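Read through the structure below, which is laid out as structure tokens, and then see the notes.
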There are 2 protein chains.
Amino acid sequence: MSFAARLAETAALTEAHLLAAIAAYPPGTIRDAMAYAARGGKRLRGFLVLESARLHGLSDAQALDAAAAIEAVHAYSLVHDDLPCMDDDDLRRGQPTVHVKWDEATAVLAGDALQTLAYELLSRASAAPDDAARVALIGALAQAAGARGMVQGQALDIAAEAAASPLTLEQITELQAGKTGALIGWAACAGARMVGADPAPLAAYAAALGLAFQIADDILDIEGSTEKTGKRLRKDEAAGKATFVSLLGLDGARDRARVLVGQAEAALSPYGDAADSLRQAARFVIARDS
Amino acid sequence: MSFAARLAETAALTEAHLLAAIAAYPPGTIRDAMAYAARGGKRLRGFLVLESARLHGLSDAQALDAAAAIEAVHAYSLVHDDLPCMDDDDLRRGQPTVHVKWDEATAVLAGDALQTLAYELLSRASAAPDDAARVALIGALAQAAGARGMVQGQALDIAAEAAASPLTLEQITELQAGKTGALIGWAACAGARMVGADPAPLAAYAAALGLAFQIADDILDIEGSTEKTGKRLRKDEAAGKATFVSLLGLDGARDRARVLVGQAEAALSPYGDAADSLRQAARFVIARDS
């Protein structure tokens with residue numbers, strides 16, 4: 001199967017699993033808004049979960065709770081990040097954001113419930129082969145998503161907008177390691193955690209991949225189209241915010257992303273050819289147009 | 001030890017444990033806002049965790065992760081509930097609310113991170129005697145806190161404000177079972193879940209206790225003082241919202257709360273005298289002035 005076909009397949013599986021979990025909630029606005037926010041996207045994080053699980057001998061079916069869980073956390077973070085008091089975005093995945101389609105209260109609550117859903121999914125008996133692995137996944141997700149991971153990255157990002165001087169390359173790297181890197185890291189390591197294997201090679205892969213992903217995002221923000229990305233672009237430039245592109249230039253940013261992809265591929269050497277799909281994911285991350 | 005002394009002791013233990021967990025995060029606004037939101041309050045939910053743990057042979061030290069976890073979820077729900085797009089409150093526990101002291105973005109993120117912290121605490125090795133119990137606590141918390149528990153109750157509460165006609169007694173009872181009952185239920189059952197015992201008697205106790213708690217809150221909203229409760233009162237009346245008091249009258253509400261406390265006490269009969277402290281908690285809930 002080609003990489004594109006596998007990515008599309010895992011995205012469909014993950015989204016169906018996530019939507020089925022949401023459909024089990026009581027009917028109403030919150031459930032509708034959760035399902036709305038859970039639709040669409042590349043599902044890169046879910047793909048990483050399924051591929052790292054496969055690398056450790058687990059089937060897609062055995063990894064779908066974890067794949068849906070990380071996409072639930074990602075969806076929650078986007079819903080809250082789009083709020084007027086945060087990034088104030090009206091377009092996401094080509095659709096009106098949740099607070100535009102409904103209202104801010106619905107966006108706050110639907111985001112809250114999407115975060116809760118992630119832990120509900122990971123506490124299921126089907127989420128990992130044993131309780132120890134379930135606890136390891138949950139503990140690692142709480143580390144990645146909270147005030148020393150994703151939320152801390154988002155807070156640094158908001159603080160940067162109010163700061164008198166633009167961030168340095170080192171500060172942006174730290175910010176992005178939290179804001180996007182932490183969840184990508186959790187996703188790539190999930191398969192190892194499910195079977196109690198050492199996640200270190202996958203963590204190294206994900207650290208390089210996450211940074212390459214963010215650099216590619218910054219390049220897309222300059223060169224991409226709203227039609228293809230489904231979101232408003234060039235907001236960072238308008239706000240005078242430092243990005244990898246503003247600090248390195250377009251060519252410099254492209255070079256840096258290519259070096260990182262090479263590092264990501266190299267980190268997978270312990271797994272041999274079995275990790276080819278993850279290598280392709282690294283190349284995809286800097287070649288995508290959405 | 002008197003009930004009041006035991007309540008004060010458990011509140012101090014739980015708050016210290018929660019603040020220590022927050023202090024381990026990277027310094028910054030989010031950590032400060034989390035600690036600010038985590039201070040104060042009666043800590044009834046933490047008390048219920050510690051007492052139900054003691055009832056099942058566990059020490060305070062063995063139950064503090066769970067007690068701090070439920071208080072973290074409670075604190076997160078208050079921070080988000082106080083936002084301008086939700087209940088728009090400027091005073092909580094006698095202090096300016098988080099979005100007043102900082103800003104809305106900080107309140108959204110600090111609330112998000114407090115929810116994450118709850119799952120971090122419950123995934124610790126010290127949270128329960130074994131992994132199966134940790135997973136049981138986490139799964140039950142995700143059920144109680146999400147879109148079929150607390151968040152659903154909050155959504156019904158917000159929908160009620162926009163509704164053309166006030167809620168019926170049945171609808172308010174359902175709303176409160178989610179909004180306040182679900183976390184109280186989790187707290188009361190925590191000790192049983194930690195040792196794999198049947199939580200049914202504690203669940204019955206908590207269902208009656210949670211409803212009595214809410215009726216007492218509605219009475220306090222009419223008869224209480226902002227000085228003692230630390231929050232703005234009589235907002236429901238001004239908004240024309242149905243409450244237990246508006247539907248049953250003050251005397252009727254008091255009678256109903258007393259009946260519920262009797263039911264809560266009766267539900268504890270399987271535990272004999274060992275549950276006296278939980279019986280005192282039920283009586284306290286309707287006698288408090290804050």
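The values are calculated or read from the model by the stated rules, or taken from the named source; none is laboratory data. Since this is a predicted model, take the numbers as computed values, not measurements. Because the Cβ atoms are built from the backbone with ideal geometry, glycine has one as well, and the counts that use them run over all protein chains shown. Keep in mind that these areas ignore ligands, DNA and RNA; they rest on the heavy atoms of the full protein, side chains included. Shrake-Rupley method; radii C 1.70, N 1.55, O 1.52, S 1.80 Å.
Given the criteria under 30 Å from A:Asp131 (Cα atoms), modelled with pLDDT of 95 or more and outside any helix (DSSP H, G or I), does A:Ala207 qualify? Steps first, please.
Values: under 30 Å from A:Asp131 (Cα atoms): yes; modelled with pLDDT of 95 or more: yes; outside any helix (DSSP H, G or I): no.
Here the answer is no, as A:Ala207 does not meet what is asked.
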Return the residue satisfying two criteria in turn: it lies in the stretch A:127-145 and is within 8 Å of chain B (Cβ to nearest Cβ) and crowded, with 24+ Cβ neighbours inside 10 Å, and of such residues it is farthest from B:Asp131 (Cα to Cα). A:Ala145
I want to confirm something. Restricting to the stretch A:227-248 and keeping residues that are open to solvent by less than 50 Å² (accessible area, probe 1.4 Å) and in a helix (DSSP H, G or I), which single residue is farthest from A:Arg288 (Cα to Cα)? A:Asp236
For the stretch A:19-39, which positions are of a type in the set (A, V, I, L, M) and in contact (Cβ under 8 Å) with a residue 60 or more places away in the chain? A:Ala21, A:Ile22, A:Ile30, A:Ala33, A:Met34, A:Ala37, A:Ala38
Please give the number of the condition A:Glu170 fails out of (1) open to solvent by 60 Å² or more (accessible area, probe 1.4 Å); (2) of a type in the set (Asp, Glu); (3) within 12 Å of chain B (Cβ to nearest Cβ). (3)
Quick one: would you say A:Ala164 is open to solvent by 10 Å² or more (accessible area, probe 1.4 Å), more than 13 Å from every other protein chain (Cβ to nearest Cβ) and modelled with pLDDT under 95? yes
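What do you reckon, is B:Gly153 free of Cβ contacts under 8 Å to residues at least 12 places away in the same chain, within 20 Å of B:Arg45 (Cβ to Cβ) and within 12 Å of chain A (Cβ to nearest Cβ)?
Details: free of Cβ contacts under 8 Å to residues at least 12 places away in the same chain: no; within 20 Å of B:Arg45 (Cβ to Cβ): yes; within 12 Å of chain A (Cβ to nearest Cβ): yes.
In short, no.
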Please work out which one of (1) under 14 Å from A:Ala147 (Cα atoms); (2) open to solvent by less than 60 Å² (accessible area, probe 1.4 Å) is the condition B:Thr10 fails and give its number. (1)
Give me the residue from the stretch B:249-290 that is touching a helix residue (DSSP H, G or I) at 6+ places or on another chain (Cβ under 6 Å) and of a type in the set (S, T, N, Q) and, out of that set, surrounded by the most Cβ atoms within 10 Å (Cβ to Cβ). B:Ser277
Please enumerate the residues belonging to the stretch A:240-290 that are of a type outside the set (A, V, I, L, M, F, W, C) and under 18 Å from the mean Cα position of the chain (by Cα). A:Ser277, A:Arg279, A:Gln280, A:Arg283, A:Arg288, A:Asp289, A:Ser290
Residue count for the stretch A:92-126, restricted to those that are at pLDDT 95 or above, more than 9 Å from chain B (Cβ to nearest Cβ) and either assigned to a helix (DSSP H, G or I) or in contact with a helix residue (DSSP H, G or I) (Cβ under 8 Å, 6 or more places away or on another chain) (or both): 6
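Yes/no matrix, rows are residues, columns are (1) surrounded by fewer than 21 Cβ atoms within 10 Å (Cβ to Cβ); (2) within 13 Å of chain B (Cβ to nearest Cβ); (3) polar (S, T, N, Q); (4) within 28 Å of A:Gly272 (Cβ to Cβ):
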| residue | (1), (2), (3), (4) |
| --- | --- |
| A:Ala24 | yes, yes, no, no |
| A:Thr29 | yes, yes, yes, no |
| A:Ala61 | yes, no, no, yes |
| A:Ala72 | no, yes, no, no |
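Does B:Ile158 satisfy being facing another protein chain (nearest Cβ under 7 Å) and surrounded by fewer than 24 Cβ atoms within 10 Å (Cβ to Cβ)? Don't jump to the end; show me each part of the working.
Numbers: facing another protein chain (nearest Cβ under 7 Å): yes; surrounded by fewer than 24 Cβ atoms within 10 Å (Cβ to Cβ): yes.
Here the answer is yes, as B:Ile158 does meet what is asked.
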Return yes or no: is A:Ala136 part of a helix (DSSP H, G or I) and touching a residue at least 60 places away in the same chain (Cβ under 8 Å)? yes
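State yes or no: is B:His80 buried (at least 22 other Cβ atoms within 10 Å of the Cβ), facing another protein chain (nearest Cβ under 10 Å) and at pLDDT 95 or above?
Working: buried (at least 22 other Cβ atoms within 10 Å of the Cβ): yes; facing another protein chain (nearest Cβ under 10 Å): yes; at pLDDT 95 or above: yes.
Considered against the rule, which asks whether it is buried (at least 22 other Cβ atoms within 10 Å of the Cβ), facing another protein chain (nearest Cβ under 10 Å) and at pLDDT 95 or above, B:His80 comes out as yes.
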Report every pair of residues separated by at least 6 positions or lying on different chains whose Cβ atoms are under 9 Å apart, first residue within the stretch B:277-289 and in contact (Cβ under 8 Å) with a residue 12 or more places away in the chain and closer than 19 Å to B:Glu227 by Cα, second open to solvent by less than 70 Å² (accessible area, probe 1.4 Å) and part of a loop (DSSP other than H, G, I, E, B). B:Arg288/B:Lys42; B:Asp289/B:Gly224; B:Asp289/B:Ser225
